[in-house]
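Notes follow once the structure below has been shown.
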Amino acid sequence: MITDSYGHEIAVFDELRGKASYIAYDTVFLRDVGLIFDGLKLLEAGGAEGISAVYRRGDLYIIRRITVKNGYRDEVLVFNPTDSEVELEVGFSFSVPFEDILESDWGRAERMPAKEGDTFVWKGVDGRTRKLRVREDRGIIKVPPRGEARFSLIAVPEVEGTYPITPPMSSSLKLDFLLPRGDHLVGSIAVRDLERLIVRVNGELFPLAGIPYFAAIFGRDSIWTAYFLLDDIPELTRGVLLILSKLQGRKFDAKSEEEPGKIPHEYRFGELCQAGKIPFAPYYGNVDATPLYVVLAGEYLSRTGDRETIDRLRENLTGALEWTLRRLEEGDGYIRYERGFLENQGWKDWKGSIPDETGKQAKHPIALVEVQAYAYWALKRAGELGLGDLDEEMLIRTAERLKSRFNRDFWTGEYYALAIDGRGKPLEVASSNMGHVLLTGIAEHVDETAERLFRSDLFSGLGIRTLGSWERAYSPMSYHNGSVWPHDNAIICLGLLRAGKVGMAKQLAEAQMRAFRALGKIPELFSGFEEPVPIPYANCPQAWSSAGALAMLKVLEVDEDGD
């Protein structure tokens, strides 16, 4: 799969079938765009500055170039190397499904769009009319001897109505200044990925989570991406804080899991999402984005001194802190979650991703180890920096009480438990989650945690696995139960650095670089094997993966004294 993107517009090319699809506004406007020729043989396809494909049909060479920018453009050149003129019938095959991008996961809806001249029209169940104007060259062309001929398809989408935030537009941001002194291969991949993913929303810089299926507004993904890049692109953090504030929860809504002060998990522009058939416009099913929002604001203020932006967000930060305090109180001292639309609501949010010692999904309500650490970090920084309108000394006292309680209840004697389950029992399951506590300052068992992360069950040699290989639920090709996630490793790497474990931090960063060089990319995740085995369904490019890779490259430049 090869992709090209421009803001919210994405072209996806399937090399096996030689066909393309076009996505905009989280809607599949075109599917299976192919050439009508019989006997085509795809020779090569690639994807720098658009998608290029070279075919052969008999003696003819056919060069196809696909780009997206304010519409889909499919341009074809036919070259005839022979001494005779060739007459050729040309055109494209395609369908116009007007499909919400998430329908493949949540169930397809049948649609019969109308056609008005050269424009396809669909009135969605969300009340919006979606249109696609298609101009296509079709018919007989003559290709002169040793000459060429061209034809094309151009499609321009339109969606009526407004949204609370604007669909992402390309930022055309150039990030060569991020290239590190050392590993130019990995750094170059990361920079090119981020140039495609950092867009403008309401005029502010914002990172899309990934392409093609996560080119949407995400809470935790954007926060971590901004955190990794904060020192180099502070404007990105400012944009993330401002855009998420516009989607912050205002009321209690069981369907979307909205709560006052809560930062959303995800916002999408597709028909079924906008109609509420799929609850992602927005959806609030997470328990980590809200304290992380406060953390990001605190880190932004401490590194930039931009009190004006923080004061502008004062009401939002107060709401996020109130949500954190309320959920700690309701959870008997911990932030817990019940099963919602998503079974799990930390960063490992897929079904079955928080296993107990038997390998089964843990019983709800669940208090995740890293979420309590984020809450501590948020309360402590808010108290120290005066974020929001709550009493600062109270926030710090609450944070310190949480720290004491956490180190008593989550420590197993060897490592921090993955979670406390619905029976009040710590899950003695070795996972990467424990590594996040090192960055937050909550951990009292720093040396033991660092050592445990590097035992052979968790450290594959290429990174720290999401789940230890000795656990019953371990599966190295799974989404969260034994794979290796670059952003997860970046958080751990920075935590090791904060804890003064410079050698360990650099060891982990170098292991990740070896994996990226071998894979030739920086994916969402890769397998937990000791060899660099890719996982076919892993999204790539992925913003927090690429931003995390750049953060780890910086760690490699730190000397052993931590400078």
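The values are calculated or read from the model by the stated rules, or taken from the named source; none is laboratory data. All values reported here derive from a predicted model rather than from experimental measurement. Neighbour counts run over all protein chains shown; Cβ positions are idealised from the backbone, glycine included.
One residue alone among Cys493, Cys540 is among the hydrophobic types (A, V, I, L, M, F, W, C), under 24 Å from the mean Cα position of the chain (by Cα) and closer than 21 Å to Ala373 by Cβ, and that residue is Cys493. Among Arg238, Arg250, Arg326, which is the only one that is under 21 Å from the mean Cα position of the chain (by Cα) and among the basic types (Lys, Arg)? Answer to the selection: Arg238. For the range 133-147, filtered to residues that are surrounded by fewer than 15 Cβ atoms within 10 Å (Cβ to Cβ) and not hydrophobic (A, V, I, L, M, F, W, C), the residue that is farthest from Tyr61 (Cα to Cα) is Arg135. Looking at Phe29, Phe37, just one residue is farther than 30 Å from Tyr163 by Cα and either among the acidic types (Asp, Glu) or crowded, with 16+ Cβ neighbours inside 10 Å (or both), and that residue is Phe37.
Annotation: of all residues in the range 251-263 being over 24 Å from Ala109 (Cβ atoms) and touching a Gly at 6+ places or on another chain (Cβ under 9 Å), the one that is surrounded by the fewest Cβ atoms within 10 Å (Cβ to Cβ) is Pro260. Answer yes or no as to whether Val199 is part of a helix (DSSP H, G or I) and not assigned by TED's automatic domain parsing to the domain that holds Tyr72. So Val199 does not fit the description; no. Against the conditions (1) part of a helix (DSSP H, G or I); (2) closer than 19 Å to Ser5 by Cα, where does Arg220 fall short? Just the number, please. All conditions are met except number (2). Entry remark, the range 488-515: residues being of a type outside the set (Gly, Ala, Ser), crowded, with 24+ Cβ neighbours inside 10 Å and either within 17 Å of Ile189 (Cβ to Cβ) or not assigned by TED's automatic domain parsing to the domain that holds Phe228 (or both) number 2 in total. Which of the residues that make up the range 528-541 are out of contact with any strand residue (DSSP E or B) (no Cβ under 7 Å at 6 or more places or on another chain) and modelled with pLDDT of 95 or more? Residues satisfying the conditions are Phe529, Glu530, Glu531. Out of curiosity, is Gly187 out of contact with any Cys (no Cβ under 8 Å at 6 or more places or on another chain) and part of a loop (DSSP other than H, G, I, E, B)? When the stated conditions are applied, Gly187 does not pass them. Residues in the range 1-17 that are touching a residue at least 12 places away in the same chain (Cβ under 8 Å) and surrounded by fewer than 18 Cβ atoms within 10 Å (Cβ to Cβ): Met1, Asp14, Glu15, Arg17. From the list Arg130, Arg192, Arg150, Arg181, the lone residue that is surrounded by 20 or more Cβ atoms within 10 Å (Cβ to Cβ) and either on the phi < 0 side of the Ramachandran plot or part of a strand (DSSP E or B) (or both) is Arg130. Does Gly249 satisfy being touching a Ser or Thr at 6+ places or on another chain (Cβ under 9 Å), in the same structural domain as Ala547 (by TED's automatic domain parsing) and at positive phi? Spelling it out, it is not the case that Gly249 is touching a Ser or Thr at 6+ places or on another chain (Cβ under 9 Å), in the same structural domain as Ala547 (by TED's automatic domain parsing) and at positive phi.
Consider the range 211-242 and keep the residues that are at pLDDT below 95 and closer than 17 Å to Ser171 by Cα. The one that is surrounded by the fewest Cβ atoms within 10 Å (Cβ to Cβ) is Ile211. Do we find that Arg423 is in contact (Cβ under 8 Å) with a residue 40 or more places away in the chain, out of contact with any helix residue (DSSP H, G or I) (no Cβ under 8 Å at 6 or more places or on another chain) and either over 30 Å from Lys380 (Cα atoms) or among the aliphatic types (A, V, I, L, M) (or both) in this structure? No: the conditions fail for Arg423. Screening Pro523 against (1) at negative phi; (2) touching a residue at least 40 places away in the same chain (Cβ under 8 Å); (3) in the same structural domain as Phe206 (by TED's automatic domain parsing); (4) not in a helix (DSSP H, G or I) leaves a single unmet condition, (2). For Lys115, the requirement of being at pLDDT 95 or above, among the basic types (Lys, Arg) and assigned by TED's automatic domain parsing to the domain that holds Asp74 is not met. Taking the criterion of being in contact with a Leu (Cβ under 9 Å, 6 or more places away or on another chain) and touching a residue at least 60 places away in the same chain (Cβ under 8 Å), the residues of the range 100-121 that qualify are Asp100, Leu102, Glu103, Trp106, Ala109. Among the residues of this structure, Ser256 counts as one that is out of contact with any Ser or Thr (no Cβ under 9 Å at 6 or more places or on another chain), among the small types (Gly, Ala, Ser) and under 27 Å from Gly388 (Cα atoms). From the list Ala155, Ala109, the one residue that fits, being of a type outside the set (Val, Ile, Thr), assigned to a loop (DSSP other than H, G, I, E, B) and within 30 Å of the chain's Cα centre (by Cα), is Ala109. Look at (1) surrounded by 21 or more Cβ atoms within 10 Å (Cβ to Cβ); (2) under 28 Å from Asp306 (Cβ atoms) and you find that Arg397 fails only one, number (1). Looking across the range 138-176, the residues that are more than 30 Å from Gln248 (Cβ to Cβ) and either touching a Gly at 6+ places or on another chain (Cβ under 9 Å) or free of Cβ contacts under 8 Å to residues at least 60 places away in the same chain (or both) come down to Arg138, Gly139, Ile140, Lys142, Phe151, Leu153, Ile154, Ala155, Val156, Lys174, Asp176.
Note on the range 246-360: enclosed helices (runs of 4 or more DSSP H) holding 3 or more residues that are in contact (Cβ under 8 Å) with a residue 24 or more places away in the chain, over 25 Å from His487 (Cα atoms) and not hydroxyl-bearing (Ser, Thr, Tyr) are 271-274, 314-330. When the residues of the range 64-111 are filtered to those that are exposed (fewer than 15 other Cβ atoms within 10 Å of the Cβ) and acidic (Asp, Glu), the one that is modelled with the lowest pLDDT is Asp105.
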